[in-house]
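Taken together, the values in this text are just the output of simple stated rules run on the coordinates, not laboratory data. Keep in mind that this is a model prediction, so the values were computed, not measured. We place every Cβ from the backbone using ideal geometry, glycine too, and count neighbours over all the protein chains shown.
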Amino acid sequence: MPAAVITSYLAIGDSFTEGTGDAYSDGSERGWADLVAFALAAAASPAEFRYANLAIRGRKLAGILAEQFRPAVAQRPDLISINGGGNDMLRPTMKLADADTAIRDAVLRARDAVGHVLLLSGGDPTEHLPMGRVAQRRGLELQAMVEVWARVEEGVTVCDNFSDTRLRSPEHWAPDGLHLNTRGHARVAQNVLRALGAPEPPELAVLAEHVAPVVDYRSRAYYREHVLPWVGRRLRGRSSGDGRLPKRAELAPLAFDPDRPFER
């Protein structure tokens, strides 16, 4: 589907798609999916373009598909983006074959329902995470499994951010080391727009050069502020997304200011 005819876009996923690590001027989450939506709106008709984002932080793949898939397909957007499995990869019980089967089923069902699916992976944070090499191996193996079928399917656009080596550098990551910062989300938005063949607003290149402090992920402060709370939530069976609702549950027009193209 040519990017010019995309007049509605709906995203499902976890914190990566919700936009954690990047923010609007009011402090609320923005992220790559919002950036892509603004770019698609600018390429089409901003007054007619509609966007929804059902992603909720902390969700594993099964939760994303159980909670978000049906409401997403029911709204019949021109384009659905699907991402999931990042939180699963941090757990040793993840079964790659099961994840591949679940993703394939969801992608093909969504494609058959709406016509065009964007399947994308998140950035790879594992080089600066404790025991990250195991998660990196899982991520690369899953991406290879998915691409065997996804790249030959009509109506499926693949955007592999996990293998983007530039995204692995620390200047693309938020202080917690798990989420991309403004620079990282802008890089993903660029990757997505290029995969879709959609125009890239020049202002996006400015965000892609955003400078933020680089965190020492080996410091005691990092472990105290980010690693230990994460471990504590896992031990209590809690999630950072408990009680949260989608930030844009229904397809609706974007408030679009051409002078500030990535602000609401």
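Under a no-solvent Debye model with one identical scatterer per Cα of region 5-50, what's log10 I(q)/I(0) at q = 0.28, 0.29, 0.31 Å⁻¹? Calculated log10 I(q)/I(0) at the listed q: -0.96, -0.99, -1.03. When +1 charges are put on Lys and Arg Cβ atoms and -1 charges on Asp and Glu Cβ atoms, the dipole computed for the chain relative to its Cα centre reaches about 1000 debye.
Here r is the Cβ-Cβ distance between R70 and R218 and R0 is 41 Å; the resulting FRET efficiency, rounded to 0.05, is 0.45. Between the residues T93, G63, A44, the greatest Cα displacement towards the positive end of the dipole of the chain, with unit charges on the Cβ of Lys, Arg, Asp and Glu, is found for T93. Simple spin-label estimate for R137 and R260 gives 4.9 nm between the two label positions (7 Å along the Cα-to-Cβ direction from each Cα). Long hydrophobic helices in the chain, taken as whole DSSP H segments with a C-alpha length of 20 Å or more on their own axis and mean Kyte-Doolittle hydropathy at least -1.0: 96-114, 132-150, 182-196.
Legend: calculated FRET efficiency, T101 to V206, from the Cβ-Cβ distance at R0 = 30 Å, rounded to 0.05, equals 0.15.
Taking one quarter of the surface of the convex hull spanned by the alpha-carbon atoms of the chain gives a direction-averaged projected area of 12.9 nm².
Here the gap between L228 and S28, fully extended at 0.36 nm per residue and compared with their Cα-Cα distance, gives a gain of 69.5 nm.
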